[in-house]
Structure formats: structure tokens, C-alpha cells
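Student: Here's a structure for you.
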Amino acid sequence: MASSSLSVNATHLPRLPRRGERADGLSATQRRAMVLAILAAHVAAVYCLLQVRELREAAHEVAPMFVDLIAPPAPPVPVPPPTPRPIQKKPLPSPVIAAVPSPAPAPFVVPAPPPLPEPVQAPPAPAAVQAPPAPPAPAPAPKIIPASAVQYLEPPAPEYPRLSRRNAESGRVMLRVFIDIAGMPRNVQVSSSSGFARLDDAALAAVQKARFKPYSENGQPTAGWTYVPINFELEK
């Protein structure tokens, strides 16, 4: 009987805490998480309280004021004036007594030699006299072509002026003509007038348009002067 009364049921005994576990039944990791959660709840509560305007202003008023005291600048150190240098007096130069110069002896003058006779210069050679240039050869006299040797390729065809016909002007114009080697009338002049300017001008214009057969001598074309008569006669 005694032994049965002293027996203990193991199911009704309290569980002993393990190593690293306290009597509250929490591990170290769970306890650290619980502390962090409590701190976070306090921080959130303080932040919500600061969002209220009245509490924020009261917090600013209660907050301590920090004042930095700035020391005033040190007064400038006076610079001592420079020490004046003593003035050194230069000694006066001693006077120099110049000796009286002795008179210089008179220089010995060597007499100049007599002048040599000038050499006799030969008279200059006479300049060569250049002969005057020979006068140019006279130009050959222009050739006179006889009237009988004058031949035409295009004979002159004078036009009788209407006013000259109306005024019954007539006459003969003698023209002096220079014919070149090609048979062209290069110069036409009035040698003898008809007495009427209109007739003279008509004769000049007709001969200037004419063409002559080149005149030749010994088989060589030759230029020369000739006379060409132009008659203006009214029909009766």
C-alpha cells in the first residue's frame, strides 16, 4: 500500500525548460522579434502624434535651443616702425694742387719740298667726225598709164541726177584715178570739174564702183595714175 501511494504520475508534472529557453517558453529569436515589434509600435505612435499640428508646435517650443558663441576677432598686432638708419657722412675729398705746366718747346717745322713740275699732257686726239647719213633714195615717180591702155572689167555707170536733168545741167568731168596692181581704184580725184557739183559727185561715185583690168609692163602688173573722162549730156 505504501509503495502505491508514493508513485507519481508523470503526465501531471510540469515540463522543465530546455537549454537557452526561459520560464516564459519563448526562444531567443522569438523574444528579439517581440522586442522589435514593440519598438516599431512606439515609433509609429510617436509619428502619428507628431502629425497633429498642436503637438508638433508644442514639441518645437519644448525643444532645446542651441546657441553657438563666436569669439570676437583678436585685435591686430601693431607693426613696430622701422628703425631709422644712421646717416653716414662721406668724407670730403682732399683738394688737389695742380702743378703749373712748363711751357712746351716750340715744334720743329720741316720745310716743305719744292713742288714738282707738272707732266706735260698730250693734246687730246680730235674726235672722229661722223659723216652725215646719206639722204634717202627718192621714191620712184608714179607710173602714168595712158588712156589708151585703160581697160575695164566693170565699166563705170554714172547716174544722171534728176535735179541736173530738170535744171538742164550738162558737162564733162575729168577724173584722176590711181589704179593698183589688182585693178582697184584706190584714189579718185576731180581733175577738171563740169561746173556742177551734182555732176562731179555722180562721176566720182561711178568710177569708185568700177573695176579695171590690171595694167602690166614686161609681163609684170604695174600700178599707176590715169585719167578717166565722164560725160553728162542731155538728150535732144
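Quick note: the coordinates plus some simple rules give every number you see, no bench work behind them. Here the structure is a predicted model, which means the values were calculated and not measured. For neighbour counting, all protein chains shown are included, and Cβ atoms are generated from backbone atoms with ideal geometry for every residue, glycine included.
Student: So, in nm, how far is label His42 from label Asp180 when the simple model puts each one 7 Å beyond its Cα toward the Cβ?
Tutor: So the two model labels end up 13.8 nm from each other.
Student: Continuing with this model, one more query. In what order do Phe178, Phe212 fall by count of nearby beta-carbon atoms within 10 Å, going from fewest to most?
Tutor: Ordered from fewest to most neighbouring Cβ atoms within 10 Å, Phe178, Phe212 come out as Phe178, Phe212.
Student: For the pair Ser192 and Gln208, how long in nm is the line joining their label points, each one 7 Å along Cα→Cβ?
Tutor: 2.4 nm
Student: How do Glu235, Glu217, Glu159 line up, fewest other C-beta atoms within 10 Å first?
Tutor: Ranking Glu235, Glu217, Glu159 by Cβ neighbours within 10 Å, fewest first, gives Glu235, Glu159, Glu217.
Student: If you don't mind, another one. Cβ under 14 Å from Ala168's Cβ, Ala168 left aside: what net charge do those residues give with Lys, Arg +1 and Asp, Glu -1?
Tutor: +2
Student: Could I ask something else about it? Tally Lys and Arg at +1 and Asp and Glu at -1 over the other residues with C-beta under 15 Å from the C-beta of Ala223: what net charge comes out?
Tutor: Surrounding charge for Ala223 is +3.
Student: Which of the peptides 37-43, 219-225 is most tightly packed, and how do the rest follow, judged by the mean count of other Cβ atoms within 10 Å per residue?
Tutor: Listed from highest to lowest mean packing, they are 219-225, 37-43.
Student: Additional query: Cβ under 12 Å from Glu154's Cβ, Glu154 left aside: what net charge do those residues give with Lys, Arg +1 and Asp, Glu -1?
Tutor: +3
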